[in-house]
Amino acid sequence: MRSGRGGTRHRRAPGVVPDRPDRRSIRGADVTVADRFAGVGLEPEAAQQVFRAVLNSFSRPGLPHRLPSTGFPPALLPALALADLETGVAVLDGADAEWGEILTVATGATKVSADSARFVTVLRSATPGDLGNAARGTALSPESAATVVCAVPSLTGGTTVTLEGPGVRETEVIAPRGFDENLWRARNEAVSAFPAGIDVLLVADDGTVLGLPRTTGVLIERES
């Protein structure tokens with residue numbers, strides 16, 4: 001996505017809306033973020049696939065669903081598909097800060113602090129603070145809580161937990177790698193004042209996603 005001297009040129013990736021022609025500038029002229037990332041976003045078909053995968057993930061907690069293949073990090077897709085002009089977003093991505101800028105340009109959403117965002121996307125390794133500091137809403141306004149999307153290496157091979165609650169048939173056992181016991185405890189604390197609480201999506205590098213709505217109970221078991 002980075003430009004050479006004198007302007008910006010984007011490479012088209014599958015699932016990404018084609019860019020408009022380059023707006024070449026005189027060397028030394030200012031180039032805005034909107035100029036650099038103009039035309040970036042999900043194609044409508046890809047956005048619909050993401051919407052369905054997220055909806056199904058929250059409807060059936062613990063069951064993996066597949067996100068479409070695009071040129072974006074898989075964990076960025078829920079916010080790209082669902083955020084809009086009225087949505088505050090935050091992207092926690094370590095050294096590569098451009099994904100947050102791309103998200104705001106592509107969706108029109110407003111970049112805000114992580115503790116007030118409706119969508120918090122964690123592209124680096126998540127920390128307990130990322131979950132604990134996310135907006136939980138209130139008993140009178142639970143809809144103002146955050147959806148926290150965490151990138152994980154895999155949905156298997158990590159700390160084993162058992163899920164129960166609405167949408168779960170009896171119980172469901174999962175073990176996402178990269179989401180350790182401390183993170184599970186932080187998630188459980190963040191949903192302890194239901195109906196306030198966060199909703200969580202775990203998105204693996206291969207594009208599979210698990211949903212953990214605040215209504216889901218999580219029993220921490222053991223390390224795999």
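The sole residue among 134, 146, 126 that is closer than 27 Å to residue 173 by Cβ, in contact with a Cys (Cβ under 9 Å, 6 or more places away or on another chain) and among the small types (Gly, Ala, Ser) is 126.
Determine if the stretch 159-182 includes at least one residue that is part of a strand (DSSP E or B) and in contact with a Phe, Trp or Tyr (Cβ under 9 Å, 6 or more places away or on another chain). Checked the stretch 159-182: at least one residue is part of a strand (DSSP E or B) and in contact with a Phe, Trp or Tyr (Cβ under 9 Å, 6 or more places away or on another chain).
Yes/no per residue for (1) more than 20 Å from residue 55 (Cβ to Cβ); (2) small (Gly, Ala, Ser); (3) touching a residue at least 24 places away in the same chain (Cβ under 8 Å):
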{"residue": "92", "(1), (2), (3)": "yes, no, yes"}
{"residue": "115", "(1), (2), (3)": "yes, no, no"}
{"residue": "123", "(1), (2), (3)": "yes, no, yes"}
{"residue": "140", "(1), (2), (3)": "yes, no, no"}
{"residue": "147", "(1), (2), (3)": "no, no, yes"}
{"residue": "157", "(1), (2), (3)": "yes, yes, yes"}
{"residue": "162", "(1), (2), (3)": "yes, no, yes"}
{"residue": "172", "(1), (2), (3)": "no, no, yes"}
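Of the listed requirements (1) under 22 Å from residue 86 (Cα atoms); (2) touching a Leu at 6+ places or on another chain (Cβ under 7 Å); (3) among the aliphatic types (A, V, I, L, M), residue 202 misses just one: (1).
Scanning the stretch 79-120 for residues that are in contact with a strand residue (DSSP E or B) (Cβ under 7 Å, 6 or more places away or on another chain), assigned to a loop (DSSP other than H, G, I, E, B) and more than 14 Å from residue 42 (Cβ to Cβ) turns up 87, 112, 113, 114, 116, 117, 118.
So how many residues does the stretch 30-54 have that are assigned to a loop (DSSP other than H, G, I, E, B), more than 17 Å from residue 100 (Cα to Cα) and modelled with pLDDT of 55 or more? Counting residues in the stretch 30-54 that are assigned to a loop (DSSP other than H, G, I, E, B), more than 17 Å from residue 100 (Cα to Cα) and modelled with pLDDT of 55 or more gives 1.
The values are calculated or read from the model by the stated rules, or taken from the named source; none is laboratory data. Because the structure is predicted, anything quoted here is derived from the model rather than measured. Quick reminder, even Gly has a Cβ in these numbers, built from the backbone with ideal geometry, and neighbours come from all protein chains shown.
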